[in-house]
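Presented below is the structure to which this report refers.
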There are 4 protein chains.
Amino acid sequence: MTKKIRAGIVGGGGYTGGEMIRLLLNHPDAEIVFIHSRSNAGNPLHAVHADLLGDTDMKFSGKLQQDIDVLFLCLGHGESGKFLEQNEIAPSIRVIDLSQDFRLGEQSGERTFVYGLPEWQRDKIKQAKNIANPGCFATTIQLGLLPLAGAGLLKEVHTTGITGSTGAGQKLQATTQHSWRNNNVNAYKTLSHQHLKEVGRTLRALQPDFSAPVNFIPWRGDFTRGIFVTSTLSCALSLEEANALYREYYAPHPFTHVSDRMIDVKQVVNTNKVVVFLEKVDDKLVIHTAEDNLVKGASGQAIQNMNLMMGLDETAGLKLKGVVF
Amino acid sequence: MTKKIRAGIVGGGGYTGGEMIRLLLNHPDAEIVFIHSRSNAGNPLHAVHADLLGDTDMKFSGKLQQDIDVLFLCLGHGESGKFLEQNEIAPSIRVIDLSQDFRLGEQSGERTFVYGLPEWQRDKIKQAKNIANPGCFATTIQLGLLPLAGAGLLKEVHTTGITGSTGAGQKLQATTQHSWRNNNVNAYKTLSHQHLKEVGRTLRALQPDFSAPVNFIPWRGDFTRGIFVTSTLSCALSLEEANALYREYYAPHPFTHVSDRMIDVKQVVNTNKVVVFLEKVDDKLVIHTAEDNLVKGASGQAIQNMNLMMGLDETAGLKLKGVVF
Amino acid sequence: MTKKIRAGIVGGGGYTGGEMIRLLLNHPDAEIVFIHSRSNAGNPLHAVHADLLGDTDMKFSGKLQQDIDVLFLCLGHGESGKFLEQNEIAPSIRVIDLSQDFRLGEQSGERTFVYGLPEWQRDKIKQAKNIANPGCFATTIQLGLLPLAGAGLLKEVHTTGITGSTGAGQKLQATTQHSWRNNNVNAYKTLSHQHLKEVGRTLRALQPDFSAPVNFIPWRGDFTRGIFVTSTLSCALSLEEANALYREYYAPHPFTHVSDRMIDVKQVVNTNKVVVFLEKVDDKLVIHTAEDNLVKGASGQAIQNMNLMMGLDETAGLKLKGVVF
Amino acid sequence: MTKKIRAGIVGGGGYTGGEMIRLLLNHPDAEIVFIHSRSNAGNPLHAVHADLLGDTDMKFSGKLQQDIDVLFLCLGHGESGKFLEQNEIAPSIRVIDLSQDFRLGEQSGERTFVYGLPEWQRDKIKQAKNIANPGCFATTIQLGLLPLAGAGLLKEVHTTGITGSTGAGQKLQATTQHSWRNNNVNAYKTLSHQHLKEVGRTLRALQPDFSAPVNFIPWRGDFTRGIFVTSTLSCALSLEEANALYREYYAPHPFTHVSDRMIDVKQVVNTNKVVVFLEKVDDKLVIHTAEDNLVKGASGQAIQNMNLMMGLDETAGLKLKGVVF
């Protein structure tokens, strides 16, 4: 048996940190060396993540150790950059950052980051030393459009997406209050969501002449996990051609599946999968995609990137039991 | 005190029938004469609509009476036409039909129907003998676009809407099963929802040169009541101009309100209101609208139409306590 | 037409304050003179209670006026007592307090308070100058047990109750966070809920020899509104006798109804009703009750008390459209 | 590497059948040989269980194969007995039945069944040829009371339990309709739930003099998965003694954990765990327990039983990632 990958987690008290712990605890080829949390140092993990009771007696640590192979940063946006500035991390340690701090080519000292969307650039990820893990909406939107961009077929896109309350993080807010959110829907960041930057960068890398906008309307939904996205654009491909294009594009990718019937969010909840369903009406191609925002949209994709970087099976630790109902 | 309007209800066992009963029971100027239901004849209303326990001892009736002023048809699509063919209704009785059977100019014998969207044609409704009550999605979409169409400013529109489970009616179905629908979202009838016909008819009546599609993506949401719709189109108006246009258009209408901040579905649940919120980003105008699908989207609007037809205050019986949480 | 009752509201920004506004806006015999809120003074009501957009242009006020008949205190527990100490309220003004500050016989200066449970002591309420409005759980539990206590038949009771998230108030808390509460249940204040004091006081007033505990297990449910309570005790009455006892007890009360089939929470949501259903298995009598915690459990009952005190019809302003789905 | 256990599943189209498939697909020491379903024969699994898209291309089969070690019966109550009568199953094949057909000592031909509650009789299960898997409520209630019964301390118990909509199975019913169930609660089978038989049998086996009832009030909750149960009884033990008793009892059991703080349902959703929390108020001991009704309450416990019978690690295939939010 080979030696296990040694992993550290910074920011283990939040939603994505919790998912990282859950995934790594069951990963066959990796182990958690420490989970850093300033506010929770000394407390058992299950004092914060109640579901871990009985799974581990591990405690949060106030210290960073250097005897690790990979460091996962599960910090808020803006916090990862600061963390790397303020803490000495041995150069040999690979960093996988879940914030948006390094997704657009930003550096931290010597560290340069590869954008960790395996369905776009798996080979680069395999060679990477540091990964900027994609945003949750960004992952779902891109996986709906990558094959078209790869074929140079993108035109102006109209996209609506809906996200669960975990997408807003753990901080108490009026819009994540149960009395408000239950049975409710509204919109936010209309046509100006921050993930549009990384989406546009990827799409233009694949299709340099794509200059039209992705008109993205994000909605808040009254569920906890998951994202559903529908994108509409004019397209000359027939439905058969479009399906063939998408199936061929995703054939080598173990987590992205083209469905031949309508998809739904719960189909992928608690898994690292993205499902895609195509429809064609008149000249419009409509692409539906769904993911779990905390798994494929965050911690699961981070594990997938670790697997690729460290030469493991891409699916190691990610064969997850879904919770379709 | 003037004589009360005498109303009959056909199809009182379903969702819209139940709402019609609830609204008419508290209407100051109308009274229910009978509630027809073949399957429930003889049973007290509260045997079907449990919330009516203590409110009334009335029973469902198997007989149609002719001593009424208004007859509400709360039947499934296709059923209203059949009902009027198979039953003799005195010509003096006004019919308000909640199905889609008469929304596009269809007649039943001598009866012709006015499309009952007061924000479009209140004066015609006041003169009408029969009303085809608009669809729930159709109401929300139209109220987001009427002022633009009225000003001749409509261009190709991209619209996404999400509806609660009551929108699917009372029949048991896989997609209204709680274990499936709870915490879930998906799409259906992509770009082909039946309400697009009445929407297109209205918009072209206001703006005859409007020939582009309303690209409408309907979604199923995991709440019970309400509809949220976002429409996006290119528009040369500034945000101030657009708000002025909408506020002027809706000034004479008591149930449609332009908000100066983001709206949400629960803001209008259990009321006859529609709220509208406008945003402008680059050249795109974005219009958000929300309604309660069973009130303004069905039975409440039917009452509003009755009020107009019968010369009552448009808001009579429709000053409803919302349930914002 | 008689002069309308003039009402003031203190604490109008919270959940019960919002319901008080909604109910009084539609009350045929009362009008709101001012809504006091220190933090919201000067803002329109709909800036806080978004659903009121279009219903009123009224603003929150920072000043207390004395030209009113009734003052509703919608403040947190402990705050009502302080408020009455720190503010001069003309002695002629009747006070209806929704907190628990005066439910057990506490006084504020000259003001003594009558416990406002009409099904127990409607006549005292009619003569009262000040009302301590009952707690939400306390109302549901008492209405399940009053007829037994009245007949001297109470023995040790085992009671479980479940409450929606609005019961916890508007303050952001971990247990009202949507990501936690959605699809979740747990218990709190086991056998020690503060409402047990007022419950015990009432029951012993009716049945002085009742010395056994009401063993009350409160649970948090993942809905927003409503309370469901089941109480179990040994009882020699047959089911028929028990139903007769309850029906006779509640016959003069317009909001409490004995059902002959199983009840559920949504049957009474957004109404001032309580429904009761009895079962008998072996020697155990089981009593199920349901209410809306914000209406009959708070602001609706406060209106009911105002109606009684001011000589209005007990149901004035409380004929509400439910939202059973 | 040892040979994998070969498993067949009958009734693979339902909720527990689906969970059995999900669990066995990821089990390190077992493989699925066939999944029998008359109505779905020939269809891919993901046509029924949409979340399996991309996980397997296996199809439902109309034929029973005999080349298996274990057969899981995921059939409705009453159907398992019939199935074993009408189909020849090789005597060497072990049967694990998830229905209630064999929980009280019933036989099928030569087959006798051991009640598969490992926390009660793990050693008998290890020797068993056939297992009657416990009911979901029965598991949760028993795991709250076993240590007390083992110590001879049981007295009359008052128990309330709430179950999600998956507990009612896949059949469309009025009480599992989303429009009704969302944000709702009610009671059913008051003091007469069928699981009381197996609960009573177990408790009396451990404490033969226990003759008082378990007064069980089952409620329907508006979530999809999970059960929460609170039991109350008089008990002379101090809280410390009670906790010591429970911790000692469950020390050898990998899935049952005593918590030192309040528990909740989502803490165990999608896991095979049961969590227990004890409180003491005056002379009353209160025991809260939570489980996932489809995992520990059904298919997960069935796997646990298979593991024990077949000599595998009890936790094999059951180290599951929870979905706490």
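The values are calculated or read from the model by the stated rules, or taken from the named source; none is laboratory data. Since we're looking at a predicted model, the values are computed, not measured. Counting neighbours? That spans all protein chains shown, and the Cβs are built from the backbone with ideal geometry, glycine included. Areas reflect the complete protein model, heavy atoms only, side chains present, ligands, DNA and RNA absent. Shrake-Rupley method; radii C 1.70, N 1.55, O 1.52, S 1.80 Å.
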Could you list, in sequence order, all residues of the range B:266-286 that are more than 8 Å from every other protein chain (Cβ to nearest Cβ), more than 18 Å from B:THR315 (Cβ to Cβ) and either among the charged types (D, E, K, R) or under 19 Å from the mean Cα position of the chain (by Cα) (or both)? B:VAL276, B:LYS280, B:ASP283
Before we move on, is D:ILE227 assigned by TED's automatic domain parsing to the domain that holds D:LEU143 and free of Cβ contacts under 8 Å to residues at least 60 places away in the same chain? no
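Among the residues of the range D:223-256, write down those that are small (Gly, Ala, Ser) and closer than 21 Å to D:VAL157 by Cα. Break it down into steps so the answer makes sense when it comes.
Looking only at the range D:223-256, we keep the residues that are small (Gly, Ala, Ser), and these are D:226, D:231, D:234, D:236, D:238, D:242, D:244, D:251.
Correct list: D:SER231, D:SER234, D:ALA236, D:SER238, D:ALA242, D:ALA244.
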Quick one: how many residues across the range C:266-310 are without any contact (Cβ under 8 Å) to a residue 60 or more places away in the chain and among the β-branched types (Val, Ile, Thr)? 6
Is there any pair linking a residue in the range B:192-204 that is away from every other protein chain (no Cβ under 14 Å) to one that is in a helix (DSSP H, G or I) and open to solvent by 10 Å² or more (accessible area, probe 1.4 Å), with Cβ under 7 Å and at least six apart or on different chains, and which? B:THR202/B:TRP120
Within the group B:GLY164, B:GLY152, B:GLY109, which residue is open to solvent by 10 Å² or more (accessible area, probe 1.4 Å) and assigned by TED's automatic domain parsing to the domain that holds B:ILE287? B:GLY152
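Could you run through the range D:198-222 and say how many residues are surrounded by 14 or more Cβ atoms within 10 Å (Cβ to Cβ) and part of a helix (DSSP H, G or I)?
So the first thing to find is which residues in the range D:198-222 are surrounded by 14 or more Cβ atoms within 10 Å (Cβ to Cβ), and the list is D:198-204, D:206-207, D:210, D:213-222.
After this cut, where a residue has to be part of a helix (DSSP H, G or I) as well, the list is D:198-204, D:206.
Of the residues in the range D:198-222, 8 are surrounded by 14 or more Cβ atoms within 10 Å (Cβ to Cβ) and part of a helix (DSSP H, G or I).
Where residues in the range D:236-265 are closer than 30 Å to D:ASN186 by Cβ and open to solvent by 10 Å² or more (accessible area, probe 1.4 Å), which of them is nearest to the other protein chains (Cβ to nearest Cβ)? Give the steps one after another, and end with the answer.
We begin by selecting, within the range D:236-265, every residue closer than 30 Å to D:ASN186 by Cβ; these are D:256, D:259, D:261-265.
Applying the additional criterion that residues be open to solvent by 10 Å² or more (accessible area, probe 1.4 Å) yields D:261-262, D:264.
On the way: D:ARG261: 8, D:MET262: 6, D:ASP264: 4 Å.
Among them, the one singled out is D:ASP264.
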Would you say C:ARG181 is touching a His at 6+ places or on another chain (Cβ under 9 Å), within 13 Å of chain D (Cβ to nearest Cβ) and not hydrophobic (A, V, I, L, M, F, W, C)? yes
Which listed residue, of A:LEU71, A:LEU64, is in contact with a Leu (Cβ under 9 Å, 6 or more places away or on another chain), surrounded by 21 or more Cβ atoms within 10 Å (Cβ to Cβ) and touching a residue at least 24 places away in the same chain (Cβ under 8 Å): A:LEU71
For the range B:33-53, give me the residue count where each residue is in a loop (DSSP other than H, G, I, E, B), surrounded by fewer than 18 Cβ atoms within 10 Å (Cβ to Cβ) and touching a strand residue (DSSP E or B) at 6+ places or on another chain (Cβ under 8 Å). 3
Please determine whether any residue of the range A:118-140 is without any contact (Cβ under 8 Å) to a residue 60 or more places away in the chain, within 30 Å of D:HIS178 (Cβ to Cβ) and within 14 Å of another protein chain (Cβ to nearest Cβ). no
Which residues, counting only those in the range B:223-235, are assigned to a loop (DSSP other than H, G, I, E, B) and either within 14 Å of chain C (Cβ to nearest Cβ) or surrounded by fewer than 15 Cβ atoms within 10 Å (Cβ to Cβ) (or both)? B:PHE223, B:THR224, B:ARG225, B:GLY226
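Hey, can you tell me all the residues within the range D:269-310 that are under 20 Å from D:ALA30 (Cα atoms), hydrophobic (A, V, I, L, M, F, W, C) and crowded, with 24+ Cβ neighbours inside 10 Å? Before you say what the answer is, go through the steps one by one.
Pass one, the range D:269-310, residues under 20 Å from D:ALA30 (Cα atoms): D:270-272, D:294-296, D:298-310.
Okay, now just the ones that are also hydrophobic (A, V, I, L, M, F, W, C), so D:294-295, D:298, D:302-303, D:306, D:308-310.
Answer for the range D:269-310, where residues must be under 20 Å from D:ALA30 (Cα atoms), hydrophobic (A, V, I, L, M, F, W, C) and crowded, with 24+ Cβ neighbours inside 10 Å: D:LEU294, D:VAL295, D:ALA298, D:ALA302, D:ILE303, D:MET306.
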Quick check, is D:PRO28 more than 21 Å from D:GLY167 (Cα to Cα), outside any helix (DSSP H, G or I) and under 24 Å from the mean Cα position of the chain (by Cα)? yes
Specify the residue that is nearest to B:GLY169 (Cα to Cα); the eligible residues are those in the range B:15-32 that are open to solvent by 20 Å² or more (accessible area, probe 1.4 Å), more than 10 Å from chain C (Cβ to nearest Cβ) and of a type outside the set (A, V, I, L, M). B:THR16
For the range D:88-123 the number of residues that are of a type in the set (A, V, I, L, M, F, W, C) and farther than 22 Å from D:PRO254 by Cβ is 7
